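Here the structure is laid out as structure tokens; the discussion comes afterwards.
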């Protein structure tokens, strides 16, 4: 989905966001054509809150901060990490288990 533009550090963090969305069973880009997918991606960048449902609202501040940094050479990781810590209910001091299920599904317990 890079529109024939070489990948950047921003793209790596963006793909991490999409991986988190997949873990949370949020698939907003499930359309057939590449053109439709790119159009959805542009809309998602402009208004991520419209595509992240109630259970995934904690990702909205992270997505907004990330997309605001798109044109920069470097990503401000501390700001993104702080945003995630403040908006999620996840206790980062508690151990967790990543489950790899059938059909490529991933979940965290």
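The values are calculated or read from the model by the stated rules, or taken from the named source; none is laboratory data. Worth saying up front: this structure is predicted, and the values here are computed from it rather than measured. Using ideal geometry, Cβ is built from the backbone for each residue, glycine included, and neighbour counts are taken over all protein chains shown.
Looking only at residues of the stretch 64-89 that are exposed (fewer than 12 other Cβ atoms within 10 Å of the Cβ) and touching a helix residue (DSSP H, G or I) at 6+ places or on another chain (Cβ under 9 Å), we find that the one that is modelled with the lowest pLDDT is 89. If you go through the stretch 5-18 and keep only what is in contact (Cβ under 8 Å) with a residue 24 or more places away in the chain and loosely packed, with under 14 Cβ neighbours inside 10 Å, you end up with just 9. Of all residues in the stretch 20-48, those satisfying the criterion of being closer than 23 Å to residue 81 by Cα, surrounded by fewer than 15 Cβ atoms within 10 Å (Cβ to Cβ) and at pLDDT 90 or above are 46, 47.
The requirement of being surrounded by 12 or more Cβ atoms within 10 Å (Cβ to Cβ) and part of a helix (DSSP H, G or I) is satisfied by residue 58.
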